[in-house]
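The structure appears below as structure tokens.
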Amino acid sequence: MLALVFIVTVCHAQNPVNWTNDQLMQPADLVKMSKEKKDVPVISSVGPAATVPDSKSVGMVREEANLAKFKEELKKLPKDTKIVVYCGCCPYEHCPNVRPAIQTLKEMKFTNYYLLDLPHNIRADWIDKGYPVSN
């Protein structure tokens, strides 16, 4: 019974969204910025792979070592830097990585950050739509 309570608590804790709709960046907008080389953000993959071109992989930030790596990378940036984070491992409601990344940006007082809008996963919301992928 105690295990069931723990599982329900952990799963429920993943559900609250800690970003706003205004903080969701559409994939097409990110591709356009990259192609035009205008207002290109710092792009961080906080999941298992850096699929989006020009993104830097920090690894899955649900793991303490990767979260620490993410924080170290952020310390090098001005607080108003345009930042886009993404995971894409699974739908948002199950993703163990996007919430810690967004929470870290909030705690570190960044003011211009976005979550790449991949509500299903990187395959359905990026690759299958023909957006460019890194090699």
Between Asp22 and Met108, what FRET efficiency follows from the Cβ-Cβ distance if R0 is 30 Å, with the result rounded to 0.05? 0.95
Sorted by accessible area (1.4 Å probe), largest first, how do Ser45, Ser55 line up? Ser55, Ser45
For Glu63, tell me the accessible area in Å² from a 1.4 Å probe, rounded to the nearest 10. 80 Å²
Taking springs between alpha-carbon atoms closer than 10 angstrom, which of Asp22, Asp125, Asp54 fluctuates most in the Gaussian network model of the chain? Asp22
How far apart, in nm, are the 7 Å Cα→Cβ label points at Leu77 and Lys32? 2.1 nm
With charges set only on the Cβ (+1 for Lys and Arg, -1 for Asp and Glu), what does the dipole of the chain come to about its Cα centre, in debye to the nearest 20? 340 debye
Quick one: order Arg123, Arg99 from most to least accessible surface, probe 1.4 Å. Arg123, Arg99
For the chain, I need the span (max minus min coordinate) of the C-alpha atoms along each principal axis, in Å, sorted largest to smallest. 55, 34, 28
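Calculated from DSSP H runs of 4 or more alone, at -39500 (n - 2.57) each and per residue, what is the 222 nm mean residue ellipticity of the chain, nearest 500?
One gets -10500 deg cm²/dmol as the mean residue ellipticity at 222 nm.
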The chain: angle of helix 98-107 to the longest principal axis, Cα-based, in degrees nearest 10: 80 degrees
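The values are calculated or read from the model by the stated rules, or taken from the named source; none is laboratory data. Remember, predicted model here, so these are calculated numbers, not experimental data. Using ideal geometry, Cβ is built from the backbone for each residue, glycine included, and neighbour counts are taken over all protein chains shown. Just the protein is used for accessible areas: all its heavy atoms, side chains included, with ligands, DNA and RNA removed. Shrake-Rupley method; radii C 1.70, N 1.55, O 1.52, S 1.80 Å.
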